[in-house]
Amino acid sequence: MQFRLPRGTQDRLPDDQPWWEYVTAVAQEQARRFGYGRIDTPVFEHAGLFQRGVGEGTDIVEKETYTFPDRSGEEITLRPEGTAPVCRAYLEHGMHNLPQPVRMHYFCPIFRYERPQAGRLRQHHQFGVEAIGDGDPSVDAEVIDLGWRFTQALGLKGLSLAVNSIGDPACRPDYLAALKDHYTPRLGEACPDCRMRYDRNPLRMLDCKRTDFACQDLVASAPRMTDLLCADCDDHFTKLRRYLDALGIPYFINPTLVRGLDYYTRTVFEILPPEEGAQSVVLGGGRYDGLIEQLGGRPTPGIGFGSGLERLILNVKRQEAAAPVESSAVDAVIVSLGDAAPAIAVRLASDLRQAGLSVVLAQPGRSLRGQMRHASALNARYTLVLGDAEVAAGAVQVKTMDSGEQRETPLDEVATALNRR
RNA sequence: GUGAGCGUGGCCAAGCGGUAAGGCGCCUGACUGUGGCUCAGGAGAUCGAGGGUUCGAAUCCCUUCGCUCACCCCA
C-alpha cells in the first residue's frame, strides 16, 4: 500500500461515529446546563502565542509543537492546547466588556509531536471549557463540577478526582526554594532527569515516577505546597474544598499533582479512570490567573480544563458504559428487476428522499436474491420491489423486513405509507 | 527522545527454511421474481518495505517504516 496514515493520526470510520456522537452530545448537554457557550478558534495560530502563553521551557512548546513557516515566512503553529487560543480570542474580541466570567466550551483537534501509543496521539481531540474573568473559588468549583458531571454522565465508573494547589507568584518562589533545600543534600541520589529539573523546573521533580533512584523517597518526604501557601492561596484552596464538599463530589488531595504547562496557578485537578496506565488522565485542568496578562492583556483570572475524547471513548468502550447507538439503518432499499424498473426506481428513491426517508438503491443488474440480501445486510426496515408487473400496475411491493409481510402499494402512496409506520 | 515485543488477503488467524491452512466479511448459485439459517462455488495476500544469507525464505540476518507496551510527557 502506497499511502498510510501519518503516524499518530487515525481515521474515524462510519462505524466509529456513534461513539463520537455520544460523547460530544453528553459534553454539549453539560456545557449547556452550566451556561458555557461554544467557541471555535483556528487550527493554527502565530507561533508566538504558544511560546508566550504556554511557556518556552515546557516540553510542549520545546519539542512537541508542529511549527513551520508559511509561504510568507510567518511562523505558524498547529494548536497544541486549547486554552491560549481562547484567551487570545477573549482579548481580541474585547470580551472583558461582557458579563464576567465569560464561560465558553470548545471541541477541537490538538496537535503534538509525540511518540504515539494507546491513548496518546499526534492529533487528538479535546472537549474543553474556560471561565475567564472571575478569580473566585466558586468558579473553580463550578468548572470541576462541570468536568465531574460530564465524565459521570458518560456512564464511567470508578473515576477519581485529584486536586491540588500549586500556589501563585506570591508563595511559589518560597516553596520552590524550600523544595530545592530539601533536595540539595541528596541531589546525587536523584535520577538524572530530576537533577535537570532541580534547576529548570523544580516543581516537576514531584511528578517523577522513577523507582530506580531515590526520587520516590525524596518526593515522599518533600515539603508540600499546600502547607506553604500564602494566606490568599490558602484561603482560596480552603474555600474550594468547602464548595466541593457541599457539591458532594468525592476528591482527594494529591500533593504531587502538577501540570506541564507554565501558566497554571493555584488550583490544578485531574480526573482518572480506575485502570492503571500511563496515559490514564481523562480530563485535566487548572487555574491560570497570569496567562491573559502574559498575552498582553490586563491581569485577568481564568480557569478551565481539557478532556481527551479519544481517551474517554477508550474508557467508555472498556467499561461498556454505553452501547453504541444503533448503527445507521436505512428506511428502505429499492430492488428493481427488468428493463423499465430501474429508471422508475431512481425516481422513486428521489421522491422518497425528498419526503425525508433514507433510501438506497440496490444494484439493478443483480438477481432478486442478491438485491434482497443487500437490503438485509444494510438493515433496511423496508424493501421496495419493483418489477415488470409492478411497473405495469404503477405500484411497488412494500416488504416489511422484520415481519416479512408484503403488500402492493401505488407509487404515489409509498412515501406516506412508509412515513406512517 | 530511550527500551522491549510485534507486522501474513478488508478483518481475525495457521504456517517458523522447501515455493501461503482456516474463520469472518464480500460476490455468485441452490423450483428463471424475494432477504436474514443452511449448503455449494468464486474473487481476494508473494507474507509492511528494501537489502542480504541459501539451491530455495513468510519462515534466518541487517536496514527502514508502522503498530503495541513501558519510560518520558500529557488529554
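The values are calculated or read from the model by the stated rules, or taken from the named source; none is laboratory data. Remember, it's a predicted structure, so these values are computed and weren't measured experimentally. Cβ: placed from backbone, ideal geometry, glycine included. Neighbour counts: every protein chain shown. SASA here: full protein model, heavy atoms, side chains in, ligands and nucleic acids out. Shrake-Rupley method; radii C 1.70, N 1.55, O 1.52, S 1.80 Å.
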Over chain A, with a Gaussian network built from C-alpha contacts below 10 Å, which listed residue (A:291, A:218, A:348) shows the highest mean-square fluctuation? A:348
Kindly write out, for the range A:389-398 in residue order, the coupling ³J(HN,Hα) from the Karplus curve 6.51 cos²θ - 1.76 cosθ + 1.60 (θ = phi - 60°), rounded to whole Hz, with x marking Gly and Pro. 4, 5, 4, 4, 8, x, 9, 8, 7, 9
I want the local charge near residue A:172. Using Cβ-Cβ distances under 14 Å, sum +1 for each Lys or Arg and -1 for each Asp or Glu among the other residues. -1
Neighbour net charge for residue A:236 - beta-carbon separation under 9 angstrom, K R +1, D E -1: -3
Within the range A:102-203, which trypsin sites (Lys or Arg not before Pro) sit in a loop by DSSP and count at most 15 neighbouring Cβ atoms inside 10 Å? A:157
Putting +1 on Lys and Arg Cβ atoms and -1 on Asp and Glu Cβ atoms, find which of A:110, A:85, A:99 reaches farthest to the positive end of the dipole of the range A:74-130. A:110
What FRET efficiency would be calculated for the residue pair residue A:329, residue A:115, taking the C-beta separation as r and a Förster radius of 30 Å, to the nearest 0.05? 0.15
Report the residue, chosen from A:392, A:329, A:178, that carries the largest GNM mean-square fluctuation when chain A is represented by alpha-carbon nodes joined by springs under 10 Å. A:392
Can you list the aspartates and glutamates whose alpha carbon is less than 19 Å from that of residue A:317, not counting same-chain residues fewer than 8 positions off? A:11, A:15, A:16, A:21, A:275, A:276, A:326
In Å², what does the accessible area per residue of the range A:1-120 work out to with a 1.4 Å probe? 59 Å²
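Using a simple charge model, +1 on the beta-carbon of Lys and Arg, -1 on the beta-carbon of Asp and Glu, nothing else, what dipole does chain A show about its Cα centre, in debye to the nearest 20?
Working: 48 positive and 56 negative charges, 134 e Å.
Charge dipole of chain A: 640 debye, to the nearest 20.
How much area per residue is accessible in the range A:332-420 when the probe is 1.4 Å and only protein heavy atoms are counted (Å²)?
On the way: 4810 Å² over 89 residues.
Result: 54 Å² per residue.
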May I ask you to list the aspartates and glutamates whose Cα is less than 18 Å away from that of residue A:239, ignoring any residue fewer than eight positions away on the same chain? A:134, A:136, A:140, A:142, A:145, A:168, A:227, A:289
When chain A is treated as a GNM, springs tying every alpha-carbon pair under 10 Å, which of A:104, A:225, A:401 comes out with the largest mean-square fluctuation? A:401
Nothing charged except the Cβ atoms of Lys and Arg (+1) and of Asp and Glu (-1): what's the magnitude of the dipole of the range A:332-420 about its Cα centre? Round to the nearest 20 debye. 340 debye
Using the alpha-carbon centroid of each, what span in Å lies between the range A:88-121 and the range A:198-235? 28 Å
Computed label-point distance, nm, for sites residue A:412 and residue A:7 using a 7 Å Cα→Cβ extension: 6.5 nm
Selection from A:158, A:248, A:218, by position along the positive dipole direction of chain A (Cβ): A:158
Search the structure for amide H atoms under 5 Å from the amide H of residue A:395, placed 1.01 Å from N in the peptide plane, and list their residues when 5 or more places away or on another chain. A:411
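What's the local net charge at residue A:284, with K and R +1, D and E -1, over the other residues with C-beta under 13 Å away? Write out the running numbers ahead of the final one.
Working: positive: A:259, A:287, A:311; negative: A:81, A:207, A:270.
Summing Lys/Arg as +1 and Asp/Glu as -1 gives 0.
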When we measure straight from the Cα of residue A:180, which lysines land under 28 angstrom away, once same-chain ones fewer than 8 places off are left out? A:63, A:209
Measure off, as a whole percent, the carbon and sulfur share of the 1.4 Å-probe accessible area of the range A:332-420, all protein chains present. 47 percent
